[in-house]
Amino acid sequence: MRNIDWYQDFVDLRYRPSKTDVVCLFRFEPSEAISRIEAVGRIASESSAGTWTTLTNLPKTIEKVKARSFEIDGNFVKVAYPGDIWEPANVPQLLSGIAGNIFGMKALKNLRLVDVSLPSSYIKYFRGPEFGIQGIRKILNVYKRPITGAVAKPKIGWSAEEHAKIAYDTWIGGFDLVKDDENLTSTWFNKFEDRVKICSKMRDKAEKETGKRKSALINITGETRLMIKRAKRLHDFGFEYAMIDVVTVGISALQTLREICHDYKLAIHAHRAMHAAFDRNPKHGLSMLFLAKICRLIGVDQLHIGTVVGKLAGTRHEVLDIKNEVTSKSIKDRKSRMLRQNWNNIKSVLPVSSGGIHPGIIPDVLEMMGTDIALLVSGGIHGHPGGTCGGARAAIQSIEATMQNIPLRQYAKSHPELSAALDKWGRVRPQ
Ligand code: CAP
Ligand code: MG
């Protein structure tokens, strides 16, 4: 049959990207009877200017708008996209291109977008984080140790008053932050407006009694106009953060709230609930590294990146690559794992480690990730035999022991809360 497609026009192994190209790294698996060249031609074509068949008319600009698969290495391909096809500061459009139709192509059995390298000509339109790691530490006046926080558990069910009391106990136990859970927004028994007001009173009380800065990551997630109203309320009650479930609200809403949070000088705490729906399968979907990069570009200040040893999936390589990506000024190309990236004046993002952590495994997390992180220990303090306050103390004692290189059991001899935590949980790694 006459050749009716032109995918091979989107493959050029001699091509070298220009400094304004957006370059993507994909992992791909061709379907039966599809060659690798046919597969990578389809990836570049369908995500830029092509379609399934040759066209009778083409614009004069066609050569300037075509993507090109230019480097194939086993199951990995690099694709270069001309900068001109990307609308400045329009992240949804970028995703519709490089993370759109191609995942559904029959010619590909699996496809995963591993990383994207964004040129200065693209990132210059973005604010990036408002505060960065140093700015966050300045807000809380916490410098040499992990910033500590806890979600009120169970994640939903408490009244606003009960929630605020748990927050108070968490703060009095020594933690810096209390956080709403990803599925807590506003319910008849815990209205957002009430929670903000009562938590602000408890925060003031805890700050007065401890002499330390205390804050909260209160979840504004919802329809965009509602989130704008909620961000204003947080500002009016003196909170420094807005928590957003960045995947479920969507990239466009996150871009809007970044502008609003700039106006209110609110730091954005990015919860990533739903990410595992598309980043967990190593052969297909989007990597968490890619999502983390987009979050840094748009400008969250804190981002959940995993624990490796806790209850949720995430390998050591993956978690540490993400930490590197969101905290470094520039990234080198790492074969099949990460593309080079200069972040120019885009600030760093504070990595958040959370999910199944308890005092017995805090050393494992800090040994892997260091102390320049936010450590959220939630069930791991509210399940402590001494209750929330005792649990927070136990977690802080575990951090102290780890930072002084003292074995936990030895430190526990003079720290009863840690001892009680180790008696309950030992060093178990939750599944
Ligand atoms: C942790 C948590 C967080 C997870 C999210 C939860 O509570 O509140 O949402 O950390 O995962 O609901 O599970 P626990 P990730 O400390 O009680 O487990 O940080 O990987 O995005
Ligand atoms: Mg949660």
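Side notes on the structure shown:
- Cα pair distances in region 129-241, grouped into 10 Å bins until the bin that holds the longest one, percent each: 14, 48, 32, 5, 0
- M105, M243 arranged by Cβ crowding within 10 Å, fewest neighbours leading: M105, M243
- Residues E240, E400 arranged by fewest to most Cβ contacts within 10 Å: E400, E240
- Using the Cβ-Cβ distance between N57 and S120 with R0 = 35 Å, the FRET efficiency computed as 1/(1 + (r/R0)^6) comes to roughly 0.50.
- Placing unit charges on each Cβ (+1 for Lys and Arg, -1 for Asp and Glu) gives region 132-425 a dipole about its Cα centre, and among M227, N324, M403 the Cα reaching farthest toward its positive end belongs to N324.
- With the simple spin-label model, which puts each label point 7 Å out from Cα in the Cβ direction, the L13 to Y264 separation comes to 5.4 nm.
- Exposure rule at most 11 other beta-carbon atoms within 10 Å, DSSP loop chymotrypsin sites (Phe, Trp or Tyr not before Pro): the chain longest free segment: 189-431
- Ranking of R36, R393 by neighbouring Cβ atoms within 10 Å, starting from the fewest: R36, R393.
- Measuring between their Cα centroids, region 278-336 and region 5-79 lie 26 Å from each other.
- Spatially, region 161-200 and region 350-385 are offset by 20 Å when compared through their Cα centroids.
- Principal-axis tilt of helix 224-236 within the chain, Cα atoms, nearest 10 degrees: 40
- The stretch between D194 and N110, if pulled fully straight at 0.36 nm per residue, gains 25.5 nm over its current Cα-Cα span.
- Couplings 3J(HN,Hα) of region 123-133, computed from phi: 6, 5, 8, 10, 6, x, x, 5, 10, x, 4 Hz, in residue order, whole Hz [Karplus 6.51 cos²θ - 1.76 cosθ + 1.60, θ = phi - 60°; x for Gly and Pro].
- Using Cβ point charges alone (K and R +1, D and E -1), the dipole size of the chain about the Cα centre works out to roughly 560 debye.
- Computed from phi, the 3J(HN,Hα) profile of region 42-58 under the Karplus parametrisation 6.51, -1.76, 1.60 (θ = phi - 60°) reads 5, 4, 5, 5, 5, 9, 9, 10, x, 8, 6, 9, 5, 10, 6, 10, 10 Hz, with x in place of Gly and Pro.
- Fully extending the segment from K155 to V65, taken as 0.36 nm per residue of separation minus the present Cα-Cα distance, adds 27.6 nm.
- Amide H contacts under 5 Å for V178, placed H, 5+ residues apart: A150, S215, A216, L217
- All-pairs alpha carbon distance profile, region 8-123, 5 Å steps from 0, percent: 2, 12, 24, 26, 20, 11, 4, 1
- The long axis of helix 288-298 is offset from the longest Cα principal axis of the chain by roughly 80 degrees.
- A simple count of charges around T51, restricted to other residues whose Cβ falls under 13 Å of its Cβ and scoring Lys, Arg +1 and Asp, Glu -1, yields -1.
- Greater than 19 Å apart at Cα, pairs in K19/K66; K165/K232; K144/K214; K138/K293; K179/K205; K155/K205: K165/K232; K138/K293; K155/K205
- Amide H contacts under 5 Å for A242: A267, I268, H269, restricted to partners 5 or more places along the chain or on a different chain, H placed in the peptide plane at 1.01 Å from N.
- Computed Rg/Rh of region 280-431, alpha carbon atoms with Kirkwood Rh: 1.03
- Annotation: lysines with alpha-carbon distance below 20 angstrom to K424 (same-chain offsets under eight excluded): K153, K311, K413.
- Backbone HN-Hα couplings from phi across region 203-215 [Karplus 6.51/-1.76/1.60, Hz, Gly and Pro as x]: 5, 4, 5, 5, 5, 5, 6, 9, x, 10, 5, 10, 8
- Panel values: region 132-425, Kirkwood radius from alpha carbon pairs, Stokes-Einstein at 37 °C and 0.692 mPa s, translational diffusion coefficient 170 µm²/s.
- Structure-based [θ]222 nm, the chain - -39500 (n - 2.57) summed over DSSP H runs of at least 4, per residue, nearest 500: -11500 deg cm²/dmol
Laboratory data are not the source of any read-out in this text; all were calculated from the coordinates shown. The model shown is predicted, which means the values in this text are computed figures rather than measured ones. With ideal geometry, Cβ positions are generated from the backbone for all residues, glycine too; neighbour counts draw on all protein chains shown.
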